[in-house]
Every structure is written in C-alpha cells, then in structure tokens.
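The structure appears below as structure tokens.
The values are calculated or read from the model by the stated rules, or taken from the named source; none is laboratory data. Note that the structure is a prediction, hence the values are computed from the model and not measured. Ideal geometry is used to build each Cβ from the backbone, glycine not excepted, and the neighbour counts take in all protein chains shown. Note: areas computed on protein heavy atoms with side chains; ligands, DNA, RNA excluded. Shrake-Rupley method; radii C 1.70, N 1.55, O 1.52, S 1.80 Å.
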Amino acid sequence: MAAAQGGSDVSSSEKVDFLNLQNGSDIRGVAVAGVEGEPVNLTEPATEAIAAAFAAWLLNKKEADGLRRLRISVGHDSRISAHKLQNAVTHGITAAGHDILQFGLASTPAMFNSTLTEDERNHLPVDGAIMITASHLPYNRNGLKFFTSDGGLNKADIKDILERASEIYEESAHGKQREQEDASRGVVNSVDYMSIYASDLVQAVRKSAGGKEKPLEGLHIVVDAGNGAGGFFVDKVLKPLGAVTTGSQFLEPDGLFPNHIPNPEDKTAMNAITEAVLDNKADLGIIFDTDVDRSAAVDSSGHELNRNGLIALMAAIVLEEHPGTTVVTDSVTSDGLTVFIENKLGGKHHRFKRGYKNVIDEAIRQNSIGEESHLAMETSGHGALKENHWLDDGAYLMVKLLNKLAAARTLDSSIGSKVLTDLVEGLVEAAVTVEIRLKIDQNHADLKGGSFRDYGEAVLRHLENAIDKDPNLHKAPKNYEGVRVSGHGGWFLLRLSLHDPVLPLNIEAPSKDDAIKLGLAVLAAVSEFSALDVTALNKFVQQGT
C-alpha cells in the first residue's frame, strides 16, 4: 500500500505500535509534531492501514465476499491534522477497491446518521462511517471513530481492526500489498451531508410545534461552538426555525482552539457561554464540544444546565414521554440526582460505570432484560436516547430542549427558557464538588513489578475494609465501579481510571468542612500505599486547618 498523496510524516517501513493507539472504543494518537515528549504515532501510512483494515473488518461483518464494493463515509472536526488524515483514509479505502464519500467538516453523530439516511442521489446510506476526531484533546492529537448502522464499535472491534491494520502495514512495508488496478479502485464523491443531517433536526422541532414553520421566532439563542464543528447549528438549525442568534461565538473552525477548550465540563468554556447569554440578554445558551457528541446549556439567568443539571433536565423531558422509565448514568452522578429522578419524577436511576459506551451499552442491556430505559447519560455531556438509535448526539439533545420550548411557545409566545429551568426545580446540587486525581507511580518499589491495575485494586479493597469500621460512613448498596460511600451529608467515590495509572476521587458535600471530613477518611485509609501520590488530597484536606 502506498502512502497517502501529499506525503507522510514517516516512511511506511517505520514501526508502529498499533494496539497502543486504542483508547477504549476509539483510536487516539499524536498526529502533529512539536510537543516535547509526544512523538507522532498516528501517521498517514498508519491511518491508511487502519482505514483499509476497517473496510476488511466491515466486509467480514457483513459476511460479504471479497468482491463486494463498500461505500464508506469520512468526516472530520476542525483539527489542523484533519485534511491529511482524511486524505490517508480516502487513499486506504479506495486503494482497497471501495468507494468513499467525503463529508468534510462534520459532527460525529452525523457520521453515524449517514449509515441510516436513505438518499440514493447522494449515495446514501453508507455501509460504514469514519469520523476523524479526538474530542476536546489538545491540538496535536487526533483519532478515529467508526460506525455501522448498528452504532459505534466496541473495544473488541477496535482491537480486531488494529490487529488487521498491523498486518496490512507490515505487508505494505515489505512490498507484498498490491493496490487495485485503476479500473477497480474506489471512487471518491464529495457530499454536503451536514445540510441533510441539519434538515432532519429542523423537521423534528417543527413537528413538535405542530408543523409551525418558525416555532422559535422571537427567541434569542446564542451558540458557542468552541471553534469546533458545531457552528452549523446556528445557520442550518436555529435560523431556519426563526431564532435570533446574535452574540453566538467561536463558530469558525480553528484546530488550535484559541478561545477555550471545546468541552462542556470545562469551567472556562462554561463561563464563556454564560457571559455570552448575559451580555446579549439571550433566552438560552448552547455549547458544544469539538465534534458535537456532547453539549450543555445555560438559561436566561445564567444558570448552567450541565453535568447533573443536564441529566436532570433530560430525565424530566424523557419521563414525561415515558413515565417510570429507567435513566442510566455514569458512576459520578450525585445523590441529589437520584432523589430527583426517583422521588420527584417517579423514574428509576441506575448508576453504572464511567465511559459513555459503558452507559449506553448498559441501557441497551436493561431493555433486553425487560427493564425499560429510554435515556443513557454521562456527566461529561454524552447523552443518548432510545428514540435516536442510542446515539450520543449533542445536537439532538439540544433539539429535545428546543422541542420543549417550541411546544410551549405555541401556547404562549412569551415563554422563554424558564420552562426548562422549571423542569429541574427541586434538584439539590451539592455546594462543594471536587475531583482529585491520585496517581500511581508505576516505577515505585511498592508495586513489586506488578501492574498499576492490581495495585489500584488493592487500594480499593483496603479502603472498603476501612469504611466498614467507621460508623459515620456507609457503602452504597448498589455500586458498579470503585468504592462509593455516603456520609457527613455527602458522598465520595474512589475508582480506578479506565486507561491510566490514576485513582480519581470524586467528593460532593453540603459544605467545605463536610467535604474535608470525607477526604480525611480516604486519606487515612490509603496513606500506607506509598506508590500513591496523595499530594493533591493532602492539600485539599489542609484547607480546613
């Protein structure tokens, strides 16, 4: 296999540790040189091999013979390495004899949608889709996400693809891989898919307002796209619905992200959209992450609707439509959210593990065993609905809010975002929320040559035993990740990171003093583990002295 047109960072004979590029159900790597200690490992030749491997995996999954010609779509966010990787993907797919639809700047959810859209004129649906993105990671990183009509791939699928890619790459380096003859090479077509995708969102809002053409007329909504791929939401969704959008910011794609990290969990990012709402006297603010699979909102008073607040809002909307349904969330959601979902809304709260794919897969599993679930959400802003094929789509989440607004305004045109804020009335938010990361030194003698995972598990077992001896602390009766404990009016969760030698500690409490008491309980239990860096936890508990 030849390198992508336009040149590669390295020759295809250079060694690549493909399995090291796996990050759960995604592929992530360094695509741009220049950051010390971060050599480029997601090269163009490697990306070509991964793309060809995805096509081979797809043929195998569809149980098609090798003669079948696939159609695969590729899109990207605003990263500066996007175009060279898109070229590499295109070359890898077409050289293997399959066709490519290039969407250009796109959102991750739109890429999945392209496997479902029936549109023969635009060569849709596709057999599979590839999104080039690394979400909110720094500018030098990039990655790949893959979709079929069944949704995103799982960890085992990614491992399979990377193992295939390694073989293809090795064959290429030794001249064994032959490209297709020109007559059988794949064809490349450019498609403006984001307009098709956005049109579907517009129709959804109009439908909720009884077919009204401009149901958001008179509403002032500002969008912060963080210089990612979410700028389309202003011109292609909000304006056709009649909304005023002046004051929207950072809509232009810029892969250096000069204004703030495009991340709804980031305080600077949330402050930026809050200020935009207040400065423009807007009714609502919407913020997206880089590739638009996460989002958050701000009401007209500047109240943030993110993390537990956004889950509560979505739960209120979904439980109106599906009374009694189960809401599946990640492990760090608050006790206040449980009380709100179960006591105020009459639903069920199933707190599971971190990782948006874990949460979505658990919701699907709940349905498969007869436990009705219509919403899966992570505090990071990933949210998926059963009605939307369990796709974590930040734009679709915001459309659910707009549907609520549009429907309310058909009855009273003076209604603003208060209709949304009223839905979360009664949600008790903790006064103190903190996450402290306790790193494991993998070179420490205390590990005795073992893995950081084994060491971390030992820390958690020891903490669990210590808690049993403290009458002020109570382990959560149902818990699927780490050690979760209630006490002193709040709670803490210590868990082992999915990928890194880190034990993140989340604490929520009604006061700083109560949070410090919880922190001290953890510190006392883990202090004998000398490979664990408790500097940050020490600093936190000393604030009370």
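For the chain, what value does the Rg/Rh ratio take when both radii are computed over Cα atoms and Rh is the Kirkwood radius, given to two decimals? Present the calculation step by step, with values, prior to reporting the outcome.
Working: Rg = 24.2 Å, Rh = 24.7 Å.
My calculation of the ratio gives 0.98.
Round to a whole number: what % of the accessible area of the chain belongs to carbon and sulfur, probe 1.4 Å?
The computed percentage sits at 47.
Among Val522, Leu460, Val318, which residue has its Cα furthest toward the positive end of the charge dipole of the chain, with +1 on Lys/Arg Cβ and -1 on Asp/Glu Cβ?
The residue sitting most towards the positive pole is Val318.
Indicate the gyration tensor shape class of the stretch 453-545 (rounded, prolate or oblate), computed on the Cα atoms with a ≥ b ≥ c the square roots of the eigenvalues: a/c under 1.5 is rounded; otherwise a/b larger than b/c is prolate and the rest oblate.
In terms of gyration-tensor shape, oblate.
Taking the stretch 278-393 on its own, what percent of its Cα-Cα pair distances exceed 22 Å?
Numbers: 1971 of 6670 pairs.
Cα-Cα pairs of the stretch 278-393 separated by over 22 Å account for 30 percent.
For the chain, report the accessible area per residue in Å² (1.4 Å probe, heavy atoms, rounded to an integer).
For the chain, the solvent-accessible area averages 41 Å² per residue.
From the gyration tensor of the Cα coordinates in the stretch 31-186, what semi-axes in whole Å does the equivalent ellipsoid have, largest first, with each one equal to sqrt(5λ)?
Working through the eigenvalues yields semi-axes of 23, 20, 14 Å.
Could you work out the Kirkwood radius for the stretch 175-326, taking every pair of different alpha carbons, averaging 1/r and inverting it, reported in Å? Show your work: numbers first, answer last.
On the way: mean 1/r = 0.0575 Å⁻¹.
Mean inverse Cα-Cα distance, inverted, gives 17.4 Å.
Which entries of Lys439/Lys539; Lys512/Lys539; Lys159/Lys386 have Cα-Cα distances beyond 18 Å here?
Working: Lys439/Lys539 15 Å; Lys512/Lys539 13 Å; Lys159/Lys386 27 Å.
From the list (Lys439/Lys539; Lys512/Lys539; Lys159/Lys386), the Cα-Cα distance tops 18 Å for Lys159/Lys386.
Which loop-located trypsin sites (Lys or Arg not before Pro) does the stretch 34-91 contain, where loop means any DSSP state but H, G, I, E or B and the Cβ has at most 10 other Cβ atoms within 10 Å?
Answer in residue order: no site qualifies.
With Cβ to Cβ distances under 12 Å as the rule, what net charge do the other residues near Thr421 carry (K, R +1; D, E -1)?
So the surrounding residues net to -3.
Return the FRET efficiency for the residue pair Asp422, Ala524: r is the Cβ-Cβ distance, R0 is 45 Å, and the value is rounded to the nearest 0.05.
Working: r = 43 Å, r/R0 = 0.96.
E(calc), rounded to 0.05, equals 0.55.
With +1 on each Lys and Arg Cβ and -1 on each Asp and Glu Cβ, how big is the dipole of the chain about its Cα centre, in debye rounded to the nearest 20? If you can, show how the numbers build up before the last one.
Numbers: 53 positive and 76 negative charges, 114 e Å.
Its charge dipole is roughly 540 debye.
Return the aspartates and glutamates within reach of Lys62: Cα separation strictly under 17 angstrom, same-chain partners fewer than 8 residues apart disregarded; answer none if there are no such residues.
List returned: Asp99, Asp127, Asp150, Asp157, Asp160.
Residues in the stretch 503-519, backbone N under 17 Å from the label point at Gln543 (7 Å along the Cα-to-beta-carbon vector): list them, ranges by number please.
Of the residues in the stretch 503-519, 505-519 have backbone N under 17 Å from the label point off Gln543.
Restricting the calculation to Cα positions, tell me the Rg (one decimal) and the Dmax (whole number) of the stretch 314-354 in Å.
Every Cα atom of the stretch 314-354 included, Rg and Dmax give 9.5, 26 Å.
Of Lys212/Lys239; Lys267/Lys357; Lys267/Lys478; Lys214/Lys404; Lys84/Lys155; Lys267/Lys344, which sit over 19 Å apart, Cα to Cα?
Correct reply: Lys267/Lys357; Lys267/Lys478; Lys84/Lys155; Lys267/Lys344.
Considering only DSSP states other than H, G, I, E and B, which GluC sites (Glu not before Pro) in the stretch 477-532 qualify as loop sites with at most 14 other Cβ atoms within 10 Å?
Sparse-neighbourhood loop GluC sites (Glu not before Pro): Glu528.
State the answer as a single residue: which of Gly210, Gly37, Asn189 lies farthest towards the positive end of the charge dipole of the chain, with beta carbon charges of +1 for Lys and Arg and -1 for Asp and Glu, about the Cα centre.
Gly210
Asn23's amide H: which non-local residues (gap 5+, or another chain) put their own amide H closer than 5 Å, with H modeled 1.01 Å from N in plane and none for Pro or chain starts?
Arg28
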